[in-house]
Amino acid sequence: MRFQLNHLIIFFFIFSEMSTAFAQADDILAKATACYVEKQTDCKSVLNEAIRAAKSEMSDSAYLFWIGKNAQILANKGMFAPAKVMAHERYKQLKKGEDSAKIGRALLRLGAYHLYSGELDSSLYYHKKSLEWYTLIKDSIRIGFGYINVGMSYKELGKYPEAFDSYTQALKLYQTLGEEGYEARVYSELASLSAMTGEVDKAISYNKKAADFYKDNEDQHTYAYILTNLANDLIYIRRTDTAEALLKTAISIFDEEHENNLLMNAEAQLGRVKYHQGQYDSAITLFERSNSRTMEGSFLAQQAYNAEFLSMCYSELKNYEKAIEYAQKSYEYNQQIGFNEEYGHSLMALYEAYKKDGQPDSAIKYLELYHAVKDSLFGTESENQLNELKVKYETELKEERLNAQQADIDLLKTKSENQRIRTIALGAGILLVLTIAIMMLKIQSTKMEHQRNIAEKKEELHRLEMERQEAQQEQLLIKLENKKRELTNQALLIAEKNEMLRSFKEQLEDISEKVEENAAMNGLVRKIERAETKVEDWDKFMHIFEDVHPDFVKLIQTKFEKITANDLRLAALLRMNFSSKEIANILHISADGLKKARYRLRKKLELPSDENLQEYIVKL
């Protein structure tokens, strides 16, 4: 009893010490995590401080457990930068021991973290190293894992034949072992590869095989993952109704299991369905919901994908400011990740948004960048093909040299045989030169085609801009003509009103001469006289006049300070080319009164007697 009690006390003491060490390291790790989330500087030094604290306070096994667990937690949150640091530390510590299985798993995780960070060459390196370790310990199941992960790295690098070869190796291995579950996993990866190479029917077939297996074996989680992939393939061939049904099933399963990362992708795929169905508002809601499941600075590939489709949705809704904003985000995210194909999609989204917004210069800029990326990808592919041809040719030359040496040794070979060998070698050389020439011509032809496309796009954008400017000019001319008509009508209306009031006044004055003095009659005459001098009509006239001749009034008032309101009215009517009779009627003055008004205006304008007043005002 005492022995057991002593052991319990010792265990409690050790556990308490270990818990304290975990707590201290976890506190510093939390600070490092916050640093990465907030994109502060020198986050790596804070993370290394947490690693040093854990290493100094924990046993070796506890330290390896702590660092491996937290690396995976960070990766699950999409924070691959700190996850890689911790995974590298775990791999370094494991290399000191002899547990090959754990070393293989550490390499596999390193490959995955680099893959999701867009560091594809590093990902391929660590996945190949992982495959080497599993081959060394003859772990058949994990050898298959190794082939699958190497295939994934090749696929993202755009090396599709190598990816297919790796997947095929894994499939043959699992078929030999009778591991149907792992076969289904390989079918899923083959489906993804087929979709990327445009073989959508094959992709659907592979995904159906995988889905049937996981459904029969009641593996709901993996079944939902495969349904998401299958829906993605169906969207390519516009079978959106079927894709929508599959995605809703997958989302329901992921939601029940609280699989935030997979739910994020499935919601984005459903948003893509809604986009192709023309339901742009619903699509925007789904892409924004997918984005809300990511942390700041994490899952950049998903955020770039969502931003690209959000740009396309807003473009369809003619909200070009938003379309440009999200296309720019997608472009920036893909620049960070380094996936050339998606980077090209972002450039095309920017081109389309700027084009529809009527910004031809910006549109052309991103179109040229897009073609530069395409040229770069094509050039790399061509270079790889040329290298393969060179290797093949060098191999053939070596074989021919061996054959020639054998012919010299073998007395049964004749000189004609040697000549035939040389002819074959020469023919192979000529064939290689021709092949290289054809490929160079193909590259040049593709570049010329791209340049023609850019020129056509520029011409189209220029034409659209000219049409838009012509339409605007036409609208302005129509508006100006309408204002001129309105101004003339207002002047004539004033003249007509004045004429009518003058007539009434004369009639009333005739009546008042024939009858005895009448106060009411005299009051009416005075009202008419006030109406004749009413300024509201002139205010309206001058307001319209300034719309038609915006700088005239300001210029004449600035240049000639003594100008009065009556002078301005006369100048305006002269500017409109009214006759003297029309001006007298409009101003409600006699012909002599008009002459005096013109004389006063000439004097204020300081015009010499030999210069025409109306011509001078028209030229102002």
Can you give me the C-alpha center-to-center distance between region 132-157 and region 560-585, rounded to a whole angstrom? 95 Å
Do any GluC sites (Glu not before Pro) in region 204-284 lie in a loop, going by DSSP, with at most 12 other beta-carbon atoms within 10 Å of their beta carbon, and if so which? E218
Karplus 3J(HN,Hα) series, Hz, for region 80-94 with 6.51 cos²θ - 1.76 cosθ + 1.60 (x for Gly, Pro): 7, 4, x, 4, 5, 4, 6, 5, 5, 5, 5, 4, 4, 5, 5
Past the 24 Å Cα-Cα mark, which pairs from K497/K604; K562/K596; K77/K202? K497/K604; K77/K202
Tell me, in nm to one decimal, what length is gained between Y599 and A565 on full extension, where the rule is 0.36 nm per residue of separation less the Cα-Cα distance? 10.7 nm
Contour minus Cα-Cα distance for E467 and I454 (0.36 nm per residue): 2.7 nm
How big is Rg to Rh over region 203-248, alpha-carbon atoms, Rh as the Kirkwood inverse-mean-distance radius? 0.97
Rounded to the nearest Å, the spacing of the alpha-carbon centers of region 539-557 and region 39-65 is 77 Å
Provide the solvent-accessible area of K96, counting protein heavy atoms only and rolling a 1.4 Å probe, rounded to the nearest 10 Å². 140 Å²
Please report the net charge: other residues with Cβ closer than 9 Å to the Cβ of I67, K and R +1, D and E -1. +2
accessible surface per residue for region 122-270, probe 1.4 Å, DNA/RNA/ligands not counted, whole Å² -> 47 Å²
Pairs to check: K31/K92; K138/K209; K69/K248; K96/K129. Give those whose C-alpha atoms are more than 22 Å from each other in this structure. K31/K92; K138/K209; K69/K248
Just by accessible area at a 1.4 angstrom probe, what is the order of I617, I141 from largest to smallest? I141, I617
May I ask for the net charge around S130, where only other residues with Cβ less than 10 Å from the Cβ of S130 are counted and Lys, Arg are +1 while Asp, Glu are -1? +4
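The values are calculated or read from the model by the stated rules, or taken from the named source; none is laboratory data. These numbers were taken from a predicted model, which means no experiment stands behind them. Please note: Cβ atoms are built from the backbone with ideal geometry, for glycine as well, and neighbour counts cover all protein chains shown. Only protein heavy atoms, including side chains, enter the accessible area calculation; ligands, DNA and RNA are left aside. Shrake-Rupley method; radii C 1.70, N 1.55, O 1.52, S 1.80 Å.
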